[in-house]
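The values are calculated or read from the model by the stated rules, or taken from the named source; none is laboratory data. These numbers were taken from a predicted model, which means no experiment stands behind them. Positions of Cβ are generated from backbone atoms using ideal geometry, with glycine treated the same way; all protein chains shown enter the neighbour counts. Ligands, DNA and RNA are excluded from the accessible area calculation, which covers all protein heavy atoms including side chains. Shrake-Rupley method; radii C 1.70, N 1.55, O 1.52, S 1.80 Å.
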Amino acid sequence: MIDFTDGGLEGLCDCRTPLCADTANCKDVADGRLAALGYEPAGMMIPPHYTPAEGDFIQTLLKSYETYSGREGRCYAMGGGTYVHNIPGGVAFGICTSEEDVRMHSPNERYPVEELYLSAAIFADVIAELCG
């Protein structure tokens, strides 16, 4: 995003980086190239968020999903920012078993009530397993 003002412009770069990205091989390189073009880079780099699938937490999520849905659970990485980015070991977890177009994050978003009940059962089981 670039904001033009009377004094110049300010930009914001929101990009998703691989797990191997760090300040030295990502931010410093971009800042150096911007500086060479006459810009004054400022800001910070938020490190990538990753939780290994082999951990107990993830395995509990998958087990509950498989038990209640009857489907194989699987993990996948997404590029979007979630509410768990700053929670160590956190993951965004939800079920998606519907074969119909639920219009996710679109006008008239909807989800079958039966699957909401299934979600509630899975979430309750996960909580009981983790806290029990």
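Tabulated data
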read-out: Scan of region 2-60 for residues that are in a helix (DSSP H, G or I) and touching a residue at least 40 places away in the same chain (Cβ under 8 Å), ordered by number; value: Phe57, Thr60
read-out: Those residues of region 14-62 which are of a type in the set (D, E, K, R), modelled with pLDDT of 90 or more, farther than 29 Å from Ala124 by Cα and surrounded by fewer than 12 Cβ atoms within 10 Å (Cβ to Cβ), in sequence order; value: Arg33
read-out: Scope region 94-132; condition open to solvent by 60 Å² or more (accessible area, probe 1.4 Å) and in a loop (DSSP other than H, G, I, E, B); matching residues; value: Cys96, Glu99, Glu100, Asp101, Arg103, Met104, His105, Pro107, Asn108, Glu109, Arg110, Gly132
read-out: Options Glu66, Glu72; residue that is open to solvent by 60 Å² or more (accessible area, probe 1.4 Å) and either assigned to a loop (DSSP other than H, G, I, E, B) or among the hydrophobic types (A, V, I, L, M, F, W, C) (or both); value: Glu72
